[in-house]
Amino acid sequence: MPSKSCTGSNKADALMLRSQELFHLTCHIQPSKGLLSPVLIVEGVRSSGKTFTLNELRKIVSAQSKWIDLDCRRVYGIRGILQRFLVRILNAELQAILNEYDPALAQQIKDRIELCDGISSFIWTLEVLLEVGSKYFDCYSHIFVLDHIDQMLGNDSPVVLATALARLHEQVPKCDNFCFVFVASSPNSLDLTSLSLPHVFFPAYTYDQLNKVLYLRLMASGWRTKVEESLWKSQDLAKDTGIFFKTLSSLLLESFSFYIGSDVDLAIHAFDRLFPHFVEPIARVGSIVNGVNDPTAVYNANRKLLQSEWAIRDTFVDEGINLENEDTNENRSVESYDITLKAKYIIIAAYLASFTDSRYDLMLFSKTNEVRANSKLHRKIRSNKFSVNSKMLQPQPFPLERLLAILHAIYHEDVPEDDVNSDVLLLTQLNTLASLKLILRATTGDSLTTSLRWKCNVNWTVAKKFADDVGFEIQNYFIE
Ligand SMILES: Nc1ncnc2c1ncn2[C@@H]1O[C@H](COP(=O)(O)OP(=O)(O)O)[C@@H](O)[C@H]1O
Ligand SMILES: [Mg+2]
């Protein structure tokens, strides 16, 4: 159920519950230069209002600062997080400044972001951006929120990331207008106590506070409109709606506290399923009649409604995720994918190298059109009646040179302005793909041996998906 923002007195009530924490946050996060803490740790159990309060703070400081938040449960590893940060720092405004300064440098930075594979390349890119866009960075402080940092995906340790970012100011003195906010729900998970960083702790809500939070959350949700519509005969709409949600939030908490604990989102999920049973009796009459269709009466008449099976989630798809601040698909260019454009081409080239016969390489990948258009050769191959669909066979091992040659041919044809050099960066990408087991070493032995061969480890569906992503017609390269 989509939620609306709180209005009027509801909003004031909501803020009252976390006014102290909001005050502490504003002490450390002040957009004016020199007053911004470089690092801040926000800690508290689940559903203690951390994200809620930070969102309120965001509204307060948004005029003078760029707020970049990331849910670490949705981005893979340190590399992914740093890359996503750089992509979001480099917004249209900064991009325009860079293009004006030096278009070649702007392109180089874009490439670097694409290849950012750790803290050192993050620092390099950041230093260049700070140098070129110094006026822009003086105008806006940047606040980076790493929500759920303790639940980061992959094998990377959150402690490594947090320590590196906490010490960033020592390495990049110009980033004194940056603040990194680490939000964690497990106590001491970041192990940064020795650095004596500022810390804002969110205690768990008490039972009464939780009841209020749930009530405010329901009042701010899209359900409110539905309740108001069903109360078509009501004399005092605001009062009746308030009674409806107040009674229901108490009933929900009392009945399901064994399962919900202090997690408001679980309560909301249970409410989603129960809501129609409570609102329909009201819609039939048009108003709340005590003892007939008020939530307590409905509950007494249908006690099974508040038994455990109604509380327990039957889906693991998180419907409550706020995607507002996430990159939308339209905004997300091919370059800002978690897997880069070049890496996709490498996988496509590896697939072609494993599943096409090297005898036809000249015909398929030659830059000279005449060779490729040699219809006689095509006909000859097609007339071979013993030919089998090569995609059905095992991947064939290939030497690295063949992969690079195919890559040069297909990448250069599709992206003529960007040449793939057989440089360190390309080999780094190959190495990353090998560590992800997307390409495999087909022979054992020393990695410097000349007889080393590789194999593609993705199937047709995956290769086709990548090819579609980059607009490459992979099916044209198979002779069947
Ligand atoms: N003071 C509050 N007023 C209104 N709603 C709140 C308040 N605190 C938390 N909530 C709601 O409770 C739910 C969980 O809070 P959230 O901030 O996401 O918790 P956390 O980030 O600490 O896990 C959210 O739906 C949020 O809108
Ligand atoms: Mg949160």
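The values are calculated or read from the model by the stated rules, or taken from the named source; none is laboratory data. Being a predicted model, the structure only gives us computed values, none of them experimental. Here the Cβ positions follow ideal geometry from the backbone for every residue, glycine too, while neighbour counts run over all protein chains shown. Accessible surface areas use protein heavy atoms only, side chains included; no ligands, DNA or RNA. Shrake-Rupley method; radii C 1.70, N 1.55, O 1.52, S 1.80 Å.
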Discussion item. Anything in the range 31-68 that is touching a Pro at 6+ places or on another chain (Cβ under 6 Å) and at pLDDT 90 or above? List them, or say none.
Written reply: 40
Practice prompt. Output the residues belonging to the range 415-433 that are open to solvent by 60 Å² or more (accessible area, probe 1.4 Å) and at pLDDT 70 or above.
Written response: 425, 427, 431
Fill in: Subset of the range 96-118 [open to solvent by less than 20 Å² (accessible area, probe 1.4 Å) and either touching a strand residue (DSSP E or B) at 6+ places or on another chain (Cβ under 6 Å) or of a type in the set (A, V, I, L, M) (or both)]
98, 106, 109, 113
Practice prompt. Any residue in the range 126-146 that's open to solvent by 30 Å² or more (accessible area, probe 1.4 Å): show its pairings with residues that are of a type in the set (A, V, I, L, M, F, W, C) at Cβ separation under 9 Å, as long as the two are six or more apart or on different chains.
Written response: 127/172; 127/175; 135/97
Worksheet item: Are any of the residues in the range 215-230 more than 16 Å from ligand 1 (Cβ to nearest atom) and buried (at least 17 other Cβ atoms within 10 Å of the Cβ)?
Response: yes
Worksheet item: Looking at this structure, is residue 134 within 16 Å of ligand 2 (Cβ to nearest atom), modelled with pLDDT under 90 and farther than 21 Å from residue 58 by Cβ?
Response: no
Discussion item. Kindly evaluate residue 123 against the criterion of being hydrophobic (A, V, I, L, M, F, W, C) and either farther than 27 Å from residue 55 by Cβ or open to solvent by 70 Å² or more (accessible area, probe 1.4 Å) (or both).
Written reply: yes
Worksheet, complete the sentence: Going through the range 65-95 in order, the residues found to be open to solvent by less than 60 Å² (accessible area, probe 1.4 Å), within 18 Å of residue 142 (Cα to Cα) and of a type in the set (A, V, I, L, M) are 68, 70, 81, 82, 86, 87, 89, 90, 94
Discussion item. Criterion first (assigned by TED's automatic domain parsing to the domain that holds residue 65, under 17 Å from residue 70 (Cβ atoms) and open to solvent by 40 Å² or more (accessible area, probe 1.4 Å)) does residue 153 satisfy it?
Written reply: yes
Discussion item. For the range 24-59, give me each residue that is more than 15 Å from ligand 1 (Cβ to nearest atom), under 24 Å from the mean Cα position of the chain (by Cα) and surrounded by fewer than 19 Cβ atoms within 10 Å (Cβ to Cβ).
Written reply: none
Worksheet, complete the sentence: Of the residues in the range 450-480, those that are modelled with pLDDT under 85, part of a loop (DSSP other than H, G, I, E, B) and surrounded by 10 or more Cβ atoms within 10 Å (Cβ to Cβ) come to 452, 478, 479, 480
Fill in: Hits in the range 137-193 (condition: within 16 Å of ligand 2 (Cβ to nearest atom), modelled with pLDDT of 85 or more and assigned to a loop (DSSP other than H, G, I, E, B))
148, 152, 185
Item to complete: Collect the residues in the range 194-214 that are open to solvent by 70 Å² or more (accessible area, probe 1.4 Å) and within 16 Å of ligand 2 (Cβ to nearest atom), keeping them in residue-number order.
Response: 201
Fill in: Per-region count, the range 190-214, residues within 12 Å of ligand 1 (Cβ to nearest atom) and in contact with a His (Cβ under 7 Å, 6 or more places away or on another chain)
1
